Every structure is written in structure tokens, then in C-alpha cells.
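The values are calculated or read from the model by the stated rules, or taken from the named source; none is laboratory data. All of these numbers come straight from a predicted model, not from anything done at the bench. In this analysis, Cβ positions are derived from the backbone assuming ideal geometry, glycine residues included, and neighbour counts consider all displayed protein chains.
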Amino acid sequence: MLQVVDIACGMPKAELHLHIEGTLEPELAFALAARNGVKLPYPSVEALRAAYRFTDLQSFLDIYYAGASVLQTGQDFNDLALAYFRRAAADHVVHAEIFFDPQTHTARGVPFAVVLDGLTQAMRDAERELGVTSRLILCFLRHLAEADAFATLDEALPHLDRIHGFGLDSSERGHPPSKFERVFARCRALGLPCVAHAGEEGPPEYVWEALDLLQVKRIDHGVRALEDPRLVARLRAERVPLTVCPLSNVKLRVFSDMKQHNFKRLLDAGLAVTVNSDDPAYFGGYVNDNIRAVQDVLDLTVADWHRIARTGFEASFASDADKRRWVAALDAYVTAHGPA
Ligand code: ADE
Ligand code: ZN
């Protein structure tokens, strides 16, 4: 008989919190470094992987931004994204909403259009070859100035037919959402949905700001929201989705180990939680690895996982028709496999 974890891993699902730069596996990093004549400061794939021991968000970001230096051509971005889509499809991801950090690349002289062309070519190929649909969310780096974000938005304007939303990521502490209130007002005026990382390392106040000042549709992470009962009540009442990334939270020491993670308490509080991989090449796995790690210690039911997967589809920025089709396929899958 199938175990709960096998049923959960087999469910069709959406991934809503995934940084494409965070899918750069060490093997591909070395291959791209060789192709582009870039020297990585590690002697081997094993040495690079061994360096993935983080003490907090910043210690990860330092390595993550350094790793991105091997990405130089449209083909590099295409190879990166297609490798992610293949891996995600193996985990039964049928729809992915992908973050990219253009400032990481334009600051190194890689043109915005080169990044975008490479990624969107892979998105088209993934839909055709794998049946995986996707959306692209442009993230502003919050450790940089508001003026830099406005300049990036200006660069994006000619390409809005291929950008489906805006986000906020990078070093959270000391960079509250309020710093980008005016940028996000302009993003919303363009008619595109916004999301923001908040309550990952930062306090619940940053989640309030993301909701009230940036008017986001989803909170990325949001695990620290549980420290504020009024905030929990608001998130529940408004059904604000939280894109939780359990392995990321443990790797970056938001929680000391998975047993301490508040995922089950978020779920039991009636919040709209989803499970995502964040930066899978750095944090020990893709979406099903996250499901396995959670199930290992938190012992959820098939009904819990069904609700989580349904929330993922409902919280996506896809059309209502697509959402209905995916939820129907999910319901049929659960009916066929039954509660364990
Ligand atoms: N960029 C990539 N991963 C991130 C994370 N977990 N938090 C903030 N910024 C990020
Ligand atoms: Zn993230």
C-alpha cells in the first residue's frame, strides 16, 4: 500500500516560490564556468557543494550571488531553466512561477534582454516538451537602493508581455518593504500582481508592511507571522497564501531543525500554506524533497497534502480555467489513490 508521503509526492502540484538562480547545481556551474572561461573559487564540484553550509540568509546570499557569475549568455539561462523544469516535472510540478533577479546580471554587464530571452525560450520549450506551464516574476533586490529598483523597472517596461508579476527578495533584515512602497505602487499601476519575501528572517511587522504598503497577493515565506496573533487572524481572514520553503528555513537556520519548524502550526491555524523549494540546488532538494522532509517529522494526512496542493493551484497567477482544470486533476488523483 502507498504511504502518505508517496501519495503526496505523486500529486500534481504548482511551485510558487523558486529562484531560478537558486537552481544552479554545482555540476552545471562548473560546465558553464568552463564554457565561459570563468574561474570559480573552488577546485571541484564536491568542494563547491561542501561550501553550502550556511549560518543565516546573508551567508547563503554571498555564495548565491557569486555562483551567478557563470551565467553570461542567453544559452546559459536557457540551460539553467530547462534543467529546473525537467527536475520539477519529475516531481509532478505542472505549473511553476519563477523568480529571477535581473539586477544580479545587469550589474555584471549581462543585458536584461539576454536574461529574459534565455529564460522565456526555456519556458516555451518546457510547456511544449514537458507540459509544464510557467510564469515569470521579476524580483527587486532589497539590499539595493529604491532608485536601482526604479531603473530596473524601466528596463523591464518594453518586455511586460513576458513578465507576469513583481517580487522582493535578498537580505531582509534592515530592508523593510516600506523602502519599496513607491516602486510597488508603480508595478501595481501596470496591472501586474506583486509578491514579497517577508517574515523569513524579518519580523512580523515586515509582513504587515508587505500587505498594507506593497499590497502583495502572496507572502513568500511568512513563517514569522505566527509570532503575531493579529497578523495570523488577518492572513486567515483574507486567505493570503504563504509560500513556505521548509528545507530553506532549516538550512538558513530560521529553525534549528525540521522538528522545530512551524509548518504544522501554520496549517492548523487555517493559513493558506504551500510547499516550495526556494533555491533547491543550495538547500538540499526540490519540491518533493521538501515534502519528504516535512512528512518525516510532522506526519500530515493525505487530506492535509491535498489541501496544500489545492492551495498552490488556487494561489497561482494562472487563469481561472487552468486552476479549475488542475484542481479537478488533483481531486481525481486523490480519489484514485485514496487516503492511506
Ligand atoms: N534570494 C534567493 N533566495 C532567497 C531567500 N530565501 N530569501 C531572500 N532572498 C533570496
Ligand atoms: Zn525565496
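For residues that are of a type outside the set (D, E, K, R) and assigned to a loop (DSSP other than H, G, I, E, B), tally how many sit in region 282-318.
Here is the first cut: in region 282-318, the residues of a type outside the set (D, E, K, R) are 282-288, 290-291, 293-295, 297-298, 300-303, 305-306, 308-309, 311-313, 315-318.
Then drop every residue that is not assigned to a loop (DSSP other than H, G, I, E, B), which leaves 284-286, 300-301, 315-318.
The total comes to 9.
Applying the selection to region 52-82, what residues are surrounded by fewer than 18 Cβ atoms within 10 Å (Cβ to Cβ) and within 14 Å of L116 (Cβ to Cβ)?
Selection gives T73, Q75.
Would you check if there is a residue in region 35-44 being within 25 Å of H159 (Cβ to Cβ) and not basic (K, R)? It would help to see each step written out before you state the result.
Residues of region 35-44 that are within 25 Å of H159 (Cβ to Cβ), as a first pass: 36.
Right, trim to not basic (K, R) and you get 36.
Yes: one or more hits.
For the structure I just gave you, tell me whether Y286 is buried (at least 22 other Cβ atoms within 10 Å of the Cβ), within 15 Å of V94 (Cα to Cα) and touching a residue at least 40 places away in the same chain (Cβ under 8 Å). It would help to see each step written out before you state the result.
Working: buried (at least 22 other Cβ atoms within 10 Å of the Cβ): yes; within 15 Å of V94 (Cα to Cα): yes; touching a residue at least 40 places away in the same chain (Cβ under 8 Å): yes.
Spelling it out, Y286 is indeed buried (at least 22 other Cβ atoms within 10 Å of the Cβ), within 15 Å of V94 (Cα to Cα) and touching a residue at least 40 places away in the same chain (Cβ under 8 Å).
Which of the helices (runs of 4 or more DSSP H) found entirely inside region 28-133 contain at least 1 residues meeting this: among the acidic types (D, E)? Before the answer, list the steps.
Working: elements: 45-50, 57-67, 74-90, 102-106, 112-130.
Qualifying helices (runs of 4 or more DSSP H): 45-50, 57-67, 74-90, 112-130.
If the requirement is being within 30 Å of V216 (Cα to Cα), away from ligand 1 (no atom under 16 Å from the Cβ) and out of contact with any Ser or Thr (no Cβ under 9 Å at 6 or more places or on another chain), which of these qualifies: L82, L48, L2, L28? Please lay out each step first, then the result.
Values: L48 fails: within 30 Å of V216 (Cα to Cα); L2 fails: within 30 Å of V216 (Cα to Cα); L28 fails: within 30 Å of V216 (Cα to Cα).
None of the others qualify; the one that does is L82.
Run down A225, A233 and say which single residue is out of contact with any Asp or Glu (no Cβ under 8 Å at 6 or more places or on another chain), buried (at least 22 other Cβ atoms within 10 Å of the Cβ) and small (G, A, S).
Numbers: A233 fails: buried (at least 22 other Cβ atoms within 10 Å of the Cβ).
Of the residues listed, the single one that is out of contact with any Asp or Glu (no Cβ under 8 Å at 6 or more places or on another chain), buried (at least 22 other Cβ atoms within 10 Å of the Cβ) and small (G, A, S) is A225.
Restricting to region 94-114, name every residue that is more than 16 Å from ligand 2 (Cβ to nearest atom) and more than 13 Å from the chain's Cα centre (by Cα). Before you say what the answer is, go through the steps one by one.
Going through region 94-114, the residues more than 16 Å from ligand 2 (Cβ to nearest atom) turn out to be 94-95, 105-114.
Passing the criteria: V94, H105, T106, A107, R108, G109, V110, P111, F112, A113, V114.
For region 84-99, check the following and say yes or no: at least one residue is β-branched (V, I, T), modelled with pLDDT of 95 or more, touching a Lys or Arg at 6+ places or on another chain (Cβ under 6 Å) and under 20 Å from A309 (Cα atoms).
First pass over region 84-99, keeping only residues β-branched (V, I, T): 93-94, 98.
Keeping just the survivors that are modelled with pLDDT of 95 or more gives 93-94, 98.
From what is left, the residues that are touching a Lys or Arg at 6+ places or on another chain (Cβ under 6 Å) are 93.
Checking the rest, the ones that are also under 20 Å from A309 (Cα atoms) come to 93.
Yes: region 84-99 contains one or more residues that are β-branched (V, I, T), modelled with pLDDT of 95 or more, touching a Lys or Arg at 6+ places or on another chain (Cβ under 6 Å) and under 20 Å from A309 (Cα atoms).
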